[in-house]
Amino acid sequence: MVGKIGVGYQGWFACKGDGSPIDSWWHWSQNAGQPPSLSNTTIKSWPDMREYTRTFPTAYPNLNNGQPASLFSSHDQQTVDTHFRWMRENNCDTAALQRFSPMGGEGPIRDAMARKVRQSAEAIGRKFYIMYDVTDWRAMQSEIKQDWTDKMKAYTSSSMYAKQNGKPVVCIWGFGFADDKRPFAPPERLDVINWFKEQGCYVIGGVPTHWRNGNSDSRLGFSGVYHAFDMISPWMVGRMGTVAQADRFHRDVNTPDKADCDASGIDYQPCVMPGDLQSRHRAHGDFMWRQFCNMCRLNVAGIYISMFDEYNEGNQIAETAENGSMVPSGSGIWALDEDGTSCSSDYYLRLTGDGGRMLKKQIGLTATRPTPPR
C-alpha cells in the first residue's frame, strides 16, 4: 500500500440474464427488476462499451450515433478481466474490492465477485484486497468477523492479495461518520479494528474527511478509533469540485492530516478523484491533476482513487463515453468532452498512470499534466 496507487472497485453492476445470483439490473436501475431507461436509472455517466465482448440491451433510446444502448455486467469474467487489464496498463497497483454486508440478499453475488476479482488479479497481475463498507450493516461487529473467518481470509493465500509489512491488507470503510447509517459506538469499532490486527492484518480506515477535528462529517470522541488504524484514508467525494477547492483542502485539511499521521506513526493515504462528470467538475483533467500534484508535494504514503467504476456518482476513471454520439439520445448525460475539450475514453486512466509515476518519483513533480487528453 505504501508508495502505491490503489483504486476503489465496486464490481456491483449486474444485468437480467447474466447468470448472476442476483439476476437483476443491480445498480443500473432504480427498479432493478426492469431494464434501465431514461426514467429508471441510477447512473450519472455512460461507459464506453467498445471493449466488452458481452453486453446487455437496455430500454434506453439508441445512442446518438444510432447504436443500441447496451451495458456490461460485472458478473461477466471478461468484464473484470478488461477492468484489471486497464489497471495494469495504467499503473494502478491495487484494487480495493468493495464488500457491503454479505449476510443479506446480496451476499451470493458479493461472494461471486470476490472469486472473479481473484481470478482476474492472478491472471493479469494486479494486487487486490477486501474493503468492507459498514453502511447499514447493523450486526457488523460480529458478522464482519464471521465473514472474514469463514470466507474472505482464504483469499489472502492468493499471490495477488495485497500485503503491507508482510501482513494481509483489509480496509474498513465508514467508522466515525456522523450519520445514522453507521451508528456504532467507539468500543464496538475498536473491538473490530483490534480483532483484525490480532488476525495479523494491516488495517486501513476509510474515515470521514474531518476525522482529525471530529466535526462536520465526523462524530466527536472517535480519535482513539481513528488512531488505531495502520493507515488512514479520508473520504473526499462530494467535498470539492474545483482546483481552488483542492488547493484549500491541501492547505487546511491534507497538510495537518499528514502531520497528525506522521506524529502518530500512521500511514496517510488521501483520496484523489477525477470529479463528478455530470456536475462538470473535471476541467479536462486539471481538477484531478491538481490533487495528484498537491498530494505528491506532501509526500503521502499512497493515493486512493475514488473510484474505478463509479458510474453512479460520475467519479469513474474507467473508460467513459468520449462525446455526445456515445450516450443515449435524450438522456442528458455528459460525455468527457463536456467542456469543449476532446478527451479519449481512457484519458482518466492515463492520467492516473501519470499520477502514479509522480507518486513513485519516476517523473518529477509537475503542475502540468504530462499526457494530453487525446
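The values are calculated or read from the model by the stated rules, or taken from the named source; none is laboratory data. Note that the structure is predicted; figures quoted are calculated from it, not measured. Cβ placement follows ideal geometry from the backbone for every residue including glycine, while neighbour counts extend to all protein chains displayed. Calculation scope for accessible area: heavy atoms of the full protein, side chains included, ligands and nucleic acids excluded. Shrake-Rupley method; radii C 1.70, N 1.55, O 1.52, S 1.80 Å.
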Where Gly265 falls short, out of the listed (1) free of Cβ contacts under 8 Å to residues at least 12 places away in the same chain; (2) in contact with a Pro (Cβ under 7 Å, 6 or more places away or on another chain):
(2)
Residues satisfying the stated conditions in the stretch 345-374, i.e. of a type in the set (Gly, Ala, Ser) and within 24 Å of the chain's Cα centre (by Cα)
Ser345, Gly353, Gly355, Gly356
Looking at Arg126, is it at negative phi and free of Cβ contacts under 8 Å to residues at least 40 places away in the same chain?
no
Considering only residues that are touching a Lys or Arg at 6+ places or on another chain (Cβ under 8 Å), assigned to a helix (DSSP H, G or I) and crowded, with 19+ Cβ neighbours inside 10 Å, which ones fall in the stretch 120-146?
Ser120, Ala121
Can you name every residue in the stretch 61-109 that is more than 25 Å from Thr156 (Cα to Cα), touching a residue at least 60 places away in the same chain (Cβ under 8 Å) and of a type in the set (A, V, I, L, M)?
Leu63, Ala69
Here is a check on your reading of the model: is Val2 aliphatic (A, V, I, L, M), open to solvent by 50 Å² or more (accessible area, probe 1.4 Å) and within 30 Å of Ile266 (Cα to Cα)?
yes
Residue check: is Val117 part of a helix (DSSP H, G or I) and touching a Leu at 6+ places or on another chain (Cβ under 6 Å)?
yes
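Listed here are the residues, each with its yes/no results for (1) open to solvent by less than 50 Å² (accessible area, probe 1.4 Å); (2) polar (S, T, N, Q).
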{"position": "Ile43", "(1), (2)": "yes, no"}
{"position": "Trp46", "(1), (2)": "yes, no"}
{"position": "Pro57", "(1), (2)": "no, no"}
{"position": "Asn62", "(1), (2)": "no, yes"}
{"position": "His83", "(1), (2)": "yes, no"}
Residue, surrounded by the fewest Cβ atoms within 10 Å (Cβ to Cβ), within the stretch 242-288, restricted to residues that are among the aliphatic types (A, V, I, L, M) and touching a strand residue (DSSP E or B) at 6+ places or on another chain (Cβ under 6 Å):
Ile266
Taking interchain pairs and intrachain pairs at least six residues apart, which have beta carbon atoms under 7 angstrom, with the first residue in the stretch 176-202 and on the phi > 0 side of the Ramachandran plot and the second surrounded by 15 or more Cβ atoms within 10 Å (Cβ to Cβ) and among the β-branched types (Val, Ile, Thr)?
Gly176/Val207; Gly176/Val225
Can you tell me which of Gln30, Gln67, Gln34, Gln78 is outside any loop (DSSP other than H, G, I, E, B) and surrounded by fewer than 18 Cβ atoms within 10 Å (Cβ to Cβ)?
Gln78
For the structure I just gave you, tell me whether Gly166 is open to solvent by 50 Å² or more (accessible area, probe 1.4 Å), at pLDDT below 95 and of a type in the set (Gly, Ala, Ser).
no
